[in-house]
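Report on the following structure.
The values are calculated or read from the model by the stated rules, or taken from the named source; none is laboratory data. This structure is a prediction, so every number in the text was calculated from the model and none was measured. Cβ sites come from the backbone with ideal geometry, for glycine too, and all protein chains shown count toward neighbours.
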Amino acid sequence: MTAATAALVQPVTLVGLPLTSQFVMAPMTRERSPGGIPTAQNAAYYRRRAEHGIGLIITEGVLVDHPSAGHQTDVPRLTEGAAEAGWKQVTSEVHAAGGRIAAQLWHLGSRREPVDGYASWTPATMTGRDFDTLLSAYAESARVAVRAGFDAVEVHAAHGYLLDEFLWPVTNPTLAHRDFPAEVVRAIRAEIPSCMPLIVRFSQFKERDYSARIAETPAELATVLEGLRAAGADVLHASQRRFWEPIFDGSHLNLAGWAKHLTGLPSITVGSIGLTRDFASSARMAELLDRRARGEYDLIGLGRVLLGNPAWVTLAAAGRHADMNDYYKTDEERYF
Ligand SMILES: Cc1cc2nc3c(=O)[nH]c(=O)nc-3n(C[C@H](O)[C@H](O)[C@H](O)COP(=O)(O)O)c2cc1C
């Protein structure tokens, strides 16, 4: 184990929440919760990652408490039927393994198919009452997340889904209600203990447009992030496709670097970490750790690598690179 890698599996504290390492499992929709209810298989899947060096798990997107939030029946809910009990099982298994877990609250916005008698909601179609309804839906979901034993809540405001549609000029040309994501943060903050981390995930890119941007300049990004911070966000999760890519001309900082620099809040970086077996011994890995050591960001998110390598962190820390698997798209079909 190199000294730098060993340092990564030391305990850290995230706004008061003790974590066993700086590694975060990034949220990944898995569509394996029949009827929206998490199962024992889901609990085992998350527990396995907690057992192997992931300090904080962020769940797959969990649909908020409104029929407009999403249409897929195997995507988990929180507030319906036995969903709360299912999540209780997940959180207690993660805790038994020494891990911590945040619920990612998700509303698809215009990406949702119109079913259940509800059309999809977009910034252009929502009226005053709709805003109140949704604020209540997020608040209720956060209340249930606390009851179900989650250690933190993450608001999904990235990738072109509902909250990001308010931030992006293409889906919100007049930028009306651009502070709605911050309103959601405020509504959630009011429901959860003041010491519980409230994470906001945001991105420049959209699933349907990788070159999209919510901010052309650091000043524009500062305005958005400052609104979220003032509303009660205390961790920023900067979603990026490749962590090493700069965001604005004239600086090497990535999105998480800018988020921390502009707000002073702790940030999570993510993006194409560990996708090939040689990554852990590569210059990119050294760069990832070096940037963290310099304080550009605090936590390191792993997504796809954890699908086929639940033990990636402990293997990396032990220098067991030969025991790692390269990532293949087909890993997304695996679930263990
Ligand atoms: C199968 C799959 C499902 C995903 N689902 C979500 C999701 O529910 N919420 C979210 O914010 N991001 C989601 N993402 C994006 C990941 O959190 C992560 O940002 C992305 O995979 C890049 O990290 P990586 O290169 O380490 O995989 C998903 C990614 C994958 C591959």
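A few comments on the model shown:
- Scanning the stretch 279-311 for residues that are within 10 Å of the ligand (Cβ to nearest atom), assigned to a helix (DSSP H, G or I) and in contact (Cβ under 8 Å) with a residue 60 or more places away in the chain yields LEU306, LEU307.
- Residue match in the stretch 134-151 (condition: modelled with pLDDT of 95 or more, over 24 Å from ALA26 (Cα atoms) and surrounded by fewer than 15 Cβ atoms within 10 Å (Cβ to Cβ)): yes
- Residues considered: GLY55, GLY16, GLY35. Of these, the only one that is more than 16 Å from the chain's Cα centre (by Cα) and either within 27 Å of HIS321 (Cα to Cα) or free of Cβ contacts under 8 Å to residues at least 60 places away in the same chain (or both) is GLY35.
- Within the option set TYR335, TYR297, being among the aromatic types (Phe, Trp, Tyr), within 21 Å of GLN10 (Cα to Cα) and modelled with pLDDT of 95 or more holds for one residue only, TYR297.
- Residues in the stretch 312-336 that are touching a Leu at 6+ places or on another chain (Cβ under 7 Å), within 16 Å of the ligand (Cβ to nearest atom) and part of a helix (DSSP H, G or I): TRP312, ASP331, GLU332.
Okay, residues lined up against (1) modelled with pLDDT of 95 or more; (2) touching a Phe, Trp or Tyr at 6+ places or on another chain (Cβ under 9 Å); (3) surrounded by fewer than 21 Cβ atoms within 10 Å (Cβ to Cβ); (4) not in a strand (DSSP E or B):
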site: ALA230; (1), (2), (3), (4): yes, no, yes, yes
site: ALA233; (1), (2), (3), (4): yes, no, no, yes
site: ARG241; (1), (2), (3), (4): yes, yes, yes, yes
site: PHE248; (1), (2), (3), (4): yes, yes, yes, yes
site: SER251; (1), (2), (3), (4): yes, yes, yes, yes
site: LYS260; (1), (2), (3), (4): yes, yes, no, yes
site: GLY274; (1), (2), (3), (4): yes, yes, no, yes
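- Residues in the stretch 142-187 that are among the β-branched types (Val, Ile, Thr) and assigned to a loop (DSSP other than H, G, I, E, B) were compared, and the one that is nearest to the ligand (Cβ to nearest atom) is THR171.
- Some residue of the stretch 115-123 being within 23 Å of ALA238 (Cβ to Cβ), away from the ligand (no atom under 13 Å from the Cβ) and more than 20 Å from the chain's Cα centre (by Cα): yes
- Condition met for ASP209 (without any contact (Cβ under 8 Å) to a residue 12 or more places away in the chain and surrounded by fewer than 16 Cβ atoms within 10 Å (Cβ to Cβ)): no
- Filtered residues of the stretch 103-126 (kept if small (Gly, Ala, Ser) and modelled with pLDDT of 90 or more): ALA103, GLY109, SER110, ALA124
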